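Written out below as structure tokens is the structure these notes cover.
The values are calculated or read from the model by the stated rules, or taken from the named source; none is laboratory data. Source: prediction; values computed, not measured. Positions of Cβ are generated from backbone atoms using ideal geometry, with glycine treated the same way; all protein chains shown enter the neighbour counts. These accessible areas exclude ligands, DNA and RNA; they are computed on the full protein's heavy atoms, side chains included. Shrake-Rupley method; radii C 1.70, N 1.55, O 1.52, S 1.80 Å.
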Amino acid sequence: MRLSKKITQYFTLVVFCSMAFGFFIFYFAVERATTQSAIGKLEKLSNVVEKKIAEGVPIELIEDEHPDITIKILGDSQKELTKKVIKEDVYEWDAKLQTMVNHITVTTYPYVKNSHYQIQAQIGLIIIDNKFFIGIVMVIAWIFIFVIISIIFFGELIARNLYTPFYHLLNEMEHFDVRENQELKTAKTEIRELNQLNEFFIRTSKQSIGHYNALKEFSQNLSHELQTPIANIKAKIELMLNEDISEFQMTSLSEMYDSLNRISAINRSLILLMSLEDHQNSEDLINFTELIENVISEQEDLILMNDVKVTLDLSQDIYININPLLAHIVISNLVSNANRHNYKNGSIYIGLTSSRFIIRNTGYEQEFTNDTIFKRFNKGKHNTQSIGLGLALVKKILNVYDLEIKYTFSSNLHQFTIRI
């Protein structure tokens, strides 16, 4: 979900809840304001009546002029009545109006010309019935709908406009590749936080490119410089092996020679892995069936030495788009791995269809999973002589061509599957 849409959703929810809560506050506030306004009018009416009494207007005339007013003259026994009394929320059924009425009464006890009066003013407020209340709710509901639609439309529009630099940065990061040595291009914005974010990612991308180039140069220089001393040492060991030396010296030199071969193999594999970083997909279309048959033929002697039986189930003339040399490395490493991690009188099954390539071999249970077996320098506990780069190289090559490889182990059978 886009960030702008998420913000709009939260904002819409907040506004909806606020308006719903505000409606109830507004409803009760209007009701209270109406009551207070009625009380204020009754108080003013009592003051007007008091002035008329002071002017000598007869009580009967005043009551006739103001039907909601009741005037009494109090005796000495009620002289303690001086405070104004207000009664509200007195709900009664009005037969004339055929509805519930809230009677509000304001009673005052003024002294006018040495006489003690009781002036009682009363008014009835019609209570909002269900139909009128539903009508108000419907009006508010339509206002809700209009406001929510406006927020969703204009909120999303404004949020997308504000976050355009952010989305641009995300797109740049998605396509950023340190191998291309291209710096991020950010969109201009007046928002300070987004400018800070842009500056951070630009600085980070420059550092990443610099570190990558430095590491790449170091690795290339190291691999190149190692080739010459390794070759010289191997040549001298070969010369010494051809001379008359003791059995102990022969064994030591052989072990040294084997170790140098492993170092050389590691070096070549690392160079190839680094070269794949800049490898571009080729347009080569190769016959995968023939390639597998050729690799089996090349490694036939090693397979026979291990007394391993090979079963081929290959569909004819299966073509895939991959560099021939890299494809040969993939198949060769997988076949060599199946033979090396097998046991005497074991078996290897190789199947090929138009949709997938399968190589399955018997072997001891390993501690690897599909997530760990393709990592560099992972070695099986039953074959410590492996350099641990073959499967990592296979995975890297297949990734270049967007080909997926998976590993499974079940019933003492190791299986690699490539979807093609």
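Computed from Cα atoms, the angle from the helix 247-276 axis to the main principal axis of the chain rounds to 40 degrees.
Within the chain, the percentage of alpha carbon pairs spaced more than 38 angstrom apart rounds to 61%.
Relative to the longest principal axis of the Cα atoms of the chain, the long axis of helix 3-54 lies at roughly 10 degrees. Computed per residue of the chain from DSSP H runs no shorter than four, each worth -39500 (n - 2.57), the mean residue ellipticity at 222 nm is -19000 deg cm²/dmol. Placing +1 on each Lys and Arg Cβ and -1 on each Asp and Glu Cβ, with no other charges, gives the range 105-260 a dipole about its Cα centre of roughly 1800 debye. If you wrap the range 16-118 in the convex hull of its Cα atoms and look at it from every side, the mean projected area works out to 9.2 nm².
Near I348, the amide H atoms lying under 5 Å from its own belong to K309, V310, T311; only residues 5 or more places off or on other chains count, and H is placed 1.01 Å from N.
Backbone amide hydrogens, once placed in the peptide plane, bring V112 within less than 5 Å of Y117, excluding anything fewer than 5 places away on its chain.
Applying the Karplus relation 6.51 cos²θ - 1.76 cosθ + 1.60 with θ = phi - 60° to the range 210-216 yields 3J(HN,Hα) values of x, 5, 5, 5, 5, 5, 5 Hz, where x marks Gly and Pro.
Counting only residues at least eight positions apart within a chain, or on another chain, the lysines with an alpha carbon under 22 Å from that of K72 are K41, K44, K51, K52, K83, K84, K87, K113. Heavy-atom accessible surface of the range 325-369, averaged per residue, reaches 41 Å², computed with a 1.4 Å probe. The fraction of Cα-Cα pairs per 5 angstrom bin, counted from 0 for the range 160-237, comes to 3, 14, 17, 14, 10, 9, 7, 6, 6, 5, 4, 3, 2, 1, 0 percent, rounded to whole percents. Here the chain exposes an accessible surface that is 57 percent carbon and sulfur, computed with a 1.4 Å probe and the other protein chains kept in place.
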